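Presented below is the structure to which this report refers.
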Amino acid sequence: MKIEVDDTRCFAVGNCALHAPAVFDQNDEDGRVVVLDPAPSEQQYAQVREAASRCPAAVIVLHEDAPDRPGTIPREE
Amino acid sequence: MPPLAAPGADHVQPVPIGGRAAQCPFAPVAELYDTQKEDELSRVKVPSPMLGEFDAVLVTRYDDVKDVLADEGLRMGGSMPYQPGNLLSYDGPEHTRLRRMLTASFTTKRARELRPGIEAVVASSLDAVEEAGPGADLVQLFSTPIPTLVICELLGVPYTDREGFQRRTALALDFTQSREVQMEKAAEMMAYMAQLVARHRENAGDNVLGRVVREYGDQLSDEELAGIGNMLLIAGHETIANTLSSSIALLLQHPEQLAAVRDDPSVTDSAVEELLRYIAPATILPRQAAGDICVRDQEIHKGEHVVPSVLAANRDLGTADQDLDSLDVRRPAQRHLTFGFGPHQCLGQQLARMELRVALPALFTRFPTLRSAVPLDDLEYRTNALVFGVNALPVTW
Ligand code: HEM
Ligand code: SF4
């Protein structure tokens, strides 16, 4: 999976960071989305999908078919 | 496209503005469920104590409410007078510009940073309840002071001013007071906000209003800054106070679920989401079509009012194993639109979650034998106010 966001249209509500804190954060200047991990590990998929579907600006796009980075070690929370 | 009834057509029937059933204030009126099943959008008359009766397109399905609230072709309902600095008065790029000045103060991270302050406020309210003794009214001593004091933190209200601030807020927002008293207190509140802004202009504090003054003070007038302060008070006060009171009233009706919230900290987060979903205190999010727009394949015409029902939408996605008409604090967090959706989605929602997560378990832990001092059926609910809630909640322990 690969995550793409259009942060110019982000409403900065932070639902992404609430639902998938290991993958999304918000910047300190205006709270817009920051993707911490654009190719999350499989354990994160459910949370990431939840985050994307709850984004009120619909700016989180998931490329479900994209391969994970080769050799990525699953992140630990 | 199915033919649509023109506004004012014969079958148009009034739906109470809060949309709540007489027998159970937490449940939607039957008409809302009926509408949900109809493929055709309904036109209804909405009687409103504040706006007079108006015709509106009623939207009740989860997906439709979400679409409508995210639609850029709708603007804010024009139901409130324009208030400079109040985000709910703006649309489009002007709204985005103002909102961006505030979002940094309401991130998930900021909400976490505010936690110790919220804990202190909750503890002091609990002390006041304990001091008052059995018979204490939780609306006055718990649900109301908590959001007021949190807002004092956001605005940087000095400790010496807080008592006066609390008194004025309570009167300005008390709908049982005469309109004159309310207007007078609201005017006093605006004057006080102007004073706070002047102080931040001199020496900007380390809080939401101070930060806006420091970072954007050159782009905003004093009137807009005072309006921002007032908006935070109005948006963050009644909503939290009433959600707290309604949550307590509901949990007192479900003692076994109350016990779960009290005894199992792992239930807190899902319980708060469930209570928010079920109570949906801010039910009316009026909009007006700026041009012709479509919901599914049906047109809403320019100028028509649109009233999405969050109360109905929040119960729309039930399945065989999730009955969304019942309260279940242990179920996994369900989708809800209690904070709205789209560009105006609640700015303070992460803070709101934090206030509820801290306050509810703390109350039940401090008073493990908490119960209502009056029969639960005698509690009076505000079903027709813009924010749903409970008038008084006398308890004993
Ligand atoms: C349980 C508590 C709360 C509920 C249910 C709630 C609900 C809502 C809803 C439904 C909206 C959207 C209104 C619309 O689209 O017409 C909204 C907007 C807003 N809320 Fe909240 N709210 C809560 C707490 C708070 C708190 C604590 C604050 C801040 C201190 C806050 C600040 C705001 C602001 C500033 C807006 C306007 C956003 C905009 O127009 O861009 N809210 N809220
Ligand atoms: S949920 Fe969407 S709008 Fe909100 S911060 Fe994340 S990306 Fe931005």
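Can you pull the percent of chain B's accessible area that's carbon plus sulfur, 1.4 Å probe, other chains left in place?
Answer for chain B: carbon and sulfur cover 52 percent of the accessible area.
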Next on the checklist: Let's see if you can work this out: charge +1 on each Lys and Arg Cβ, -1 on each Asp and Glu Cβ, no other charges. What is the dipole magnitude of the protein assembly as shown about its Cα centre, in debye to the nearest 20?
Outcome noted: 620 debye
Item to check | Interface size A-B, as summed buried accessible area [1.4 Å probe, Å², nearest 100] | outcome: 1700 Å²
Checklist outcome for this item: One would report the antiparallel percent of DSSP beta bridges in the protein assembly as shown, rounded to the nearest 5, as 85 percent
Checklist entry - So which of B:Lys45/B:Lys302; B:Lys45/B:Lys185; B:Lys37/B:Lys66; B:Lys109/B:Lys185 end up more than 24 Å apart, counting from Cα to Cα? => result B:Lys45/B:Lys185; B:Lys109/B:Lys185
Checklist entry - In the calculated pair distance distribution of chain B, what percentage of Cα-Cα distances lie above 36 Å? => result 24 percent
Checklist entry - With the dipole of region A:2-63 worked out from charges on the C-beta (+1 for Lys and Arg, -1 for Asp and Glu) around the Cα centre, which of A:Ala22, A:Ala51, A:Thr8 lies farthest toward the positive end? => result A:Ala51
Checklist entry - Can you give the Rg to Rh ratio of the protein assembly as shown, both from alpha-carbon atoms, with Rh computed by the Kirkwood formula? => result 0.95
Item to check | Surface per residue (accessible, 1.4 Å probe) for region B:32-106, Å² | outcome: 46 Å²
Item to check | Heavy-atom accessible area, 1.4 Å probe, ligands and nucleic acids excluded: residues of region A:12-41 down by at least 40 Å² from chain alone | outcome: A:Val13, A:Leu18, A:Gln26, A:Asp28, A:Asp30
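To the nearest 20 Debye, how big is the dipole of region A:2-63 about its Cα centre, given +1 on the beta carbon of each Lys and Arg and -1 on that of each Asp and Glu?
Dipole size: approximately 260 debye.
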Item to check | Charged-residue dipole, Cβ positions (Lys, Arg, Asp, Glu), chain B about Cα centre, Debye nearest 20 | outcome: 820 debye
Next on the checklist: I need the fraction of alpha carbon pairs in region A:2-63 separated by more than 15 Å, rounded to a whole percent.
Outcome noted: 37 percent
Next on the checklist: Can you give the log10 of the normalised intensity I(q)/I(0) at q = 0.24 Å⁻¹, computed with Debye over equal Cα scatterers of region B:263-316?
Outcome noted: -0.93
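The values are calculated or read from the model by the stated rules, or taken from the named source; none is laboratory data. The structure presented is a predicted model; accordingly, all values stated were derived computationally and were not measured. Virtual Cβ from ideal backbone geometry, glycine too; neighbours counted across all protein chains shown. Remember, those area values only see protein heavy atoms, side chains included, never the ligands or the DNA or RNA. Shrake-Rupley method; radii C 1.70, N 1.55, O 1.52, S 1.80 Å.
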